[in-house]
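Have a look at the structure below before the remarks.
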Amino acid sequence: MRASGWVEGPPRFSSPGLSEGNQPPTTLAKDFLNSFADSHGNPKYLSLLQDVANRRTRSVQIELDDLFNYKDLDEEFLQRVTENTRRYISIFAEAVDELLPEPTEMFAAEDDHDILMTQRAEDTTENADNSDPFRKMPADIKRFFEVYIKAFSKGTPLTIRQVKASNIGQLVKIAGIVTRCSDVKPLMQVAVYTCEECGFEIYQEVTARIFMPLFECPSFRCKTNNTKGNLILQLRASKFLKFQEAKIQELSEHVPKGHIPRSLTVHLRGELTRKVAPGDVVEFSGIFLPIPYTGFRAMRAGLVADTYLEAMSTTHFKKKYEDYELSEDEQKQIEGLSEDGDIYNKLSRSLAPEIFGHEDVKKALLLLLVGAPHRKLSDGMKIRGDLHICMMGDPGVAKSQLLKHIINVAPRGVYTTGRGSSGVGLTAAVQRDPVTNEMILEGGALVLADMGICAIDEFDKMEESDRTAIHEVMEQQTVSIAKAGITTSLNARTAVLAAANPAWGRYDLRRSPAENINLPPALLSRFDLLWLILDRADMDNDLEMARHIVHVHQNLESPSLGFTPLEPSVLRAYISAARRTSPSVPMELEEYIATAYSSIRQEEAKSSAPHSYTTVRTLLSILRISIALARLRFSETVAQSDVDEALRLMQMSKFSLYSEDRQKSGLDAISDIYSILRDEAARSGSLDVTYSHALNWISRKGYSEAQLKECLEEYAALNVWQIHPNTFDIRFIDA
């Protein structure tokens, strides 16, 4: 079944009636299908053929690994299957035809196909005139299954550049990223005509993308009667296959320096259609074949031909969260991790362990990966569940490295930079389809990252007109288009992770935060967390960081964290398990969250130069972060500790600014903690303060537990308060 007019390399066999060890290939194929057993001793292919007969599955996948492990392996046969795959697909299909058992279950008849086949069977028994080649029914029209040959699972896939002329007709494995997919269309496999004169059915097999229809009846009767019978194409009786065309492009790491990535056309047929989408990183195994240009393009191309890959199997490198099927070992590992009390810290520190510090930033990024469930109200209104984070900081605080690492961990991620992307490049562009010449929509970065993460670096350097394209995506999670006669709305359920520099390259402490951030309030309010990361000179911190960086540089791994960092694959599996829960906020926490939100608004109203812009979106952000934290614990309800941690993260995101305010006010950490506790006690009108409340208040202001304990001891020595020896609760001595 070769593309017409093509020879796949030199002829590899001496004669068509090939004998392999004096056995025809169909016999060898039948022996293999009949007697191959899996590791448990069960007949693998016979049970698969029974499923095909019962119409449970439509594809028969022959694995080369099985052929290799077959006890009566004929190495010459294996080599021929690998090097002349197109021919051996038809040989295996013939073997399946002969071995196919009777169905053991009742199944719903596919009306047209089955009724036509029974009629044809009756017809052929009545008019047993097999001398006419055109009246002989092709085997393809009887089959309701497809045969695929899957390449070896071991061995690294080739890049598009490494596939040469010597691979033509062979089974190859290619890795790349899918850049575009056509719609699934029917492709004619067998054309069926009826003759107006003699009434016979005439069959024509179609092996290429185009075919020349028959106009005159070639049957024996018409030739004898010397009548040129007119043929009518019967579409309902013909056989069609699902067909999809995809374009695959080299991965950036495979492109040599100074070159641009190459692309290759992949033809997907039958059950392989709708398996890939643009933006997926996949590994295709298939047959590398040439194809002549057709129609007008053939005149321009002359003798030049094109090549394509006839796909046989597809494998995704990163599965979507929904597609994860955890093995028993992974399930046990995740259960073991979830029972660990410190899992939140361990997961966050496993993100980019080579980057020093940024503990709270990594916690926020972990929550971005986990996200909260989307809420859909009864009247159709949607509330987004994705978190959006913007990291704004001085140069050299590892923002871009964090972005790149998150894209590696996320199962679906797109990385763009502000200068390198236009408004339509982020949302959607209208282009002319090279095949059909129609106007089509090409999804941009935000649409490709649907149900994933879109990382935008150099966010501040984007044009203002391009940045407005992101507003709708961040809140409504759709991209609306009205261009060139196409009016539509595309889904973009994307978590946006942006990194930016302040307005003057570095944060200028003499100016207000609003001047430094220099992003419109409409955009800022859409980010759940805005991290300000300032690069401050600090003797101890700089020493530690320098040691860390030198260690990473020498050993190519991070210094020991006190535990083994989790691999990205384990992180993905844990997050996919966590995303299956959808926690709710209990009634008793409603008042607590409302009070916390109103107090944030009050603080902002009092301050002369507010650091952030608080709206109702901030309240939704608190809820989203709390739900993401509950998901990490596999809990069905949100606890108060989750809300406290959410508030603490919001407070910590501006921590580097507050530390500057404190230095201006001349307070050291211990005095500041004392004033916080005294103010809170005065507000509540009580002399007793519990240790947990004290820790909650000071952690919101960015202080640690060690600093609190130091403060308690210092002021207890001054006889300002008394400390309970066991619970560390505080009682003020009323002066």
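The values are calculated or read from the model by the stated rules, or taken from the named source; none is laboratory data. As the structure is a computational prediction, the values presented were derived from the model and not from experiment. So basically every Cβ, Gly included, is an ideal-geometry build from the backbone, and we count neighbours across all protein chains shown. We work out accessible area using only protein heavy atoms, side chains counted, and drop any ligands, DNA or RNA first. Shrake-Rupley method; radii C 1.70, N 1.55, O 1.52, S 1.80 Å.
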Task: Exposure ranking of 296, 243 by accessible area [1.4 Å probe, largest first] - done: 296, 243
TODO: Identify, among 406, 454, 428, the residue whose Cα sits farthest towards the positive end of the charge dipole of segment 330-475, taking +1 on the Cβ of Lys and Arg and -1 on the Cβ of Asp and Glu, with the dipole about the Cα centre.
DONE: 406
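So, with +1 on the Cβ of K and R and -1 on the Cβ of D and E, and no other charges, what is the size of the charge dipole of the chain about its Cα centre, to the nearest 20 debye?
In total the dipole reaches around 2080 debye.
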- [ ] Give me the percent of the accessible area of the chain that comes from carbon and sulfur atoms, probe 1.4 Å, all protein chains in place.
- [x] 52 percent
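So if I place +1 on the C-beta of Lys and Arg and -1 on the C-beta of Asp and Glu, and nothing else carries charge, what would the dipole magnitude of segment 286-413 be about its Cα centre? I want it in debye, nearest 20. It would help to have the intermediate numbers written out before the result.
Details: 17 positive and 18 negative charges, 157 e Å.
Approximately 760 debye in magnitude.
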- [ ] Before rounding to the nearest 500, sum -39500 (n - 2.57) across all DSSP H runs of length at least 4 in the chain and divide by the residue total; then give [θ] at 222 nm in deg cm²/dmol.
- [x] -11000 deg cm²/dmol
Task: Coil-residue GluC sites (Glu not before Pro) of segment 166-214, DSSP, other Cβ within 10 Å capped at 14 - done: 196
Open item on the list: Ordering 87, 58 by accessible area with a probe of 1.4 Å, largest first, what comes out?
Closed with: 58, 87
- [ ] Report the antiparallel proportion of the DSSP beta bridges in the chain as a percent, rounded to a multiple of 5.
- [x] 70 percent
Task: Distance violations [Cα-Cα > 23 Å] among 44/332; 44/154; 362/654; 154/318; 30/173 - done: 44/332; 30/173
Open item on the list: How much accessible area per residue does the chain have, counting only protein heavy atoms and a probe of 1.4 Å, in square angstrom?
Closed with: 52 Å²
TODO: Determine the dipole magnitude for segment 259-353: charges of +1 sit on the beta-carbon of Lys and Arg, -1 on that of Asp and Glu, nothing else is charged, the reference point is the Cα centre, and the result goes in debye to the nearest 20.
DONE: 880 debye
Open item on the list: Given an 8 Å cut-off on Cα distances and at least 6 residues of separation, report the relative contact order of the chain as a percent.
Closed with: 9 percent
TODO: Identify the GluC sites (Glu not before Pro) of segment 507-605 meeting these criteria: DSSP loop state and at most 12 other C-beta atoms within 10 Å of the C-beta.
DONE: 557
- [ ] Taking all protein chains together and a probe of 1.4 Å, list 75, 335 from the most accessible to the least accessible.
- [x] 75, 335
Open item on the list: Which one, 534, 558, 585, projects farthest toward the positive side of the charge dipole computed for segment 524-626 from Cβ point charges (K/R +1, D/E -1)?
Closed with: 585
Open item on the list: If I compute volume of the Cα convex hull per residue in Å³ from the structure I just sent, which labelled value in (1) 349; (2) 458; (3) 240 lines up?
Closed with: (3)
Task: Within segment 299-375, chymotrypsin sites (Phe, Trp or Tyr not before Pro) in DSSP loop having at most 13 other beta-carbon neighbours inside 10 Å - done: 317
